[in-house]
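Laboratory data are not the source of any read-out in this text; all were calculated from the coordinates shown. Keep in mind that this is a model prediction, so the values were computed, not measured. Positions of Cβ are backbone-derived with ideal geometry, glycine not excepted, and every protein chain shown enters the neighbour counts.
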């Protein structure tokens, strides 16, 4: 899976939790889940659980700590997929 | 310093499924998971603990400038529960934050402070009294108290804006 495919898959995961559609439509690696997409912090855990299911990986606590923006999420998923 | 968090329970039922596999395990410590499991109203305990973490994190984030998703590092301890309040504290690293929560049928509102006695000095203010600095950090706009920190929390149909009166 290349980075564009990964971001596309991630984008479908975060869609149901997003309330700012402008920021969602213009999503980049710099997009912040809470500040830009207005995602409720309690829903961050849903995104993490959805990522675990969709990519068949396990995200541990130190990784979860950084899961605040698209860039970190992509990095974490890429690292996990590479070590499979 | 002050932090606060409001949870609209009706809204949380629409937004979150706390019974989803992995949800509780990711957000709460083993001790907190037991509090939830053994409570007569596990849903209320989930959101009470969550609002304690959120209120405490607001102070932690403001003072340390550290931004991270660290629910399990914000460790809740419930000390006393009566008809009016649930009081307790949240520790994070070496910091301790004292909390007081109001639990009603429709919402849970938690306030966190650094010195326990400040819990008696909390006042609610209106949005028009709030100004934000260049980083978006809210303060009370009164000219005498322009550096007085304010905490804003909004969820569903509820909004609470609080600061310390002295």
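When you go through (1) within 11 Å of chain B (Cβ to nearest Cβ); (2) in a loop (DSSP other than H, G, I, E, B) one by one for residue A:57, which number turns out not to apply?
All conditions are met except number (1).
Across region B:71-88, what is the total count of residues that are away from every other protein chain (no Cβ under 14 Å) and touching a helix residue (DSSP H, G or I) at 6+ places or on another chain (Cβ under 8 Å)?
Within region B:71-88, residues that are away from every other protein chain (no Cβ under 14 Å) and touching a helix residue (DSSP H, G or I) at 6+ places or on another chain (Cβ under 8 Å) number 5.
With respect to residue B:152, determine if the residue is in contact with a strand residue (DSSP E or B) (Cβ under 9 Å, 6 or more places away or on another chain), in a strand (DSSP E or B) and under 16 Å from residue B:163 (Cβ atoms).
Spelling it out, residue B:152 is indeed in contact with a strand residue (DSSP E or B) (Cβ under 9 Å, 6 or more places away or on another chain), in a strand (DSSP E or B) and under 16 Å from residue B:163 (Cβ atoms).
Quickly run through region B:112-132 and pick out the residues that are in a strand (DSSP E or B) and either farther than 12 Å from residue B:1 by Cα or touching a helix residue (DSSP H, G or I) at 6+ places or on another chain (Cβ under 6 Å) (or both).
Matches in region B:112-132: B:112, B:113, B:123, B:124, B:130, B:131, B:132.
Checking residue A:19 against (1) over 27 Å from residue B:29 (Cα atoms); (2) in contact (Cβ under 8 Å) with a residue 60 or more places away in the chain; (3) within 14 Å of another protein chain (Cβ to nearest Cβ), which test does it fail?
Status for residue A:19: all satisfied but (2).
May I ask you to list pairs of residues, at least six apart or on different chains, whose Cβ atoms are under 7 Å apart, with the first in region A:27-50 being at the interface with chain B (Cβ under 7 Å from one of its Cβ atoms) and the second being surrounded by fewer than 18 Cβ atoms within 10 Å (Cβ to Cβ) and part of a loop (DSSP other than H, G, I, E, B)?
A:41/A:34; A:49/B:20; A:49/B:22
For region B:18-32, which residues satisfy the criterion of being over 15 Å from residue A:58 (Cα atoms) and either more than 9 Å from chain A (Cβ to nearest Cβ) or loosely packed, with under 15 Cβ neighbours inside 10 Å (or both)?
B:19, B:20, B:24, B:28, B:29, B:30, B:31, B:32 - these are the residues of region B:18-32 that are over 15 Å from residue A:58 (Cα atoms) and either more than 9 Å from chain A (Cβ to nearest Cβ) or loosely packed, with under 15 Cβ neighbours inside 10 Å (or both).
How many residues are touching a helix residue (DSSP H, G or I) at 6+ places or on another chain (Cβ under 9 Å), under 22 Å from residue A:72 (Cβ atoms) and not in a helix (DSSP H, G or I) when one looks only at region B:39-70?
Number of matching residues: 5.
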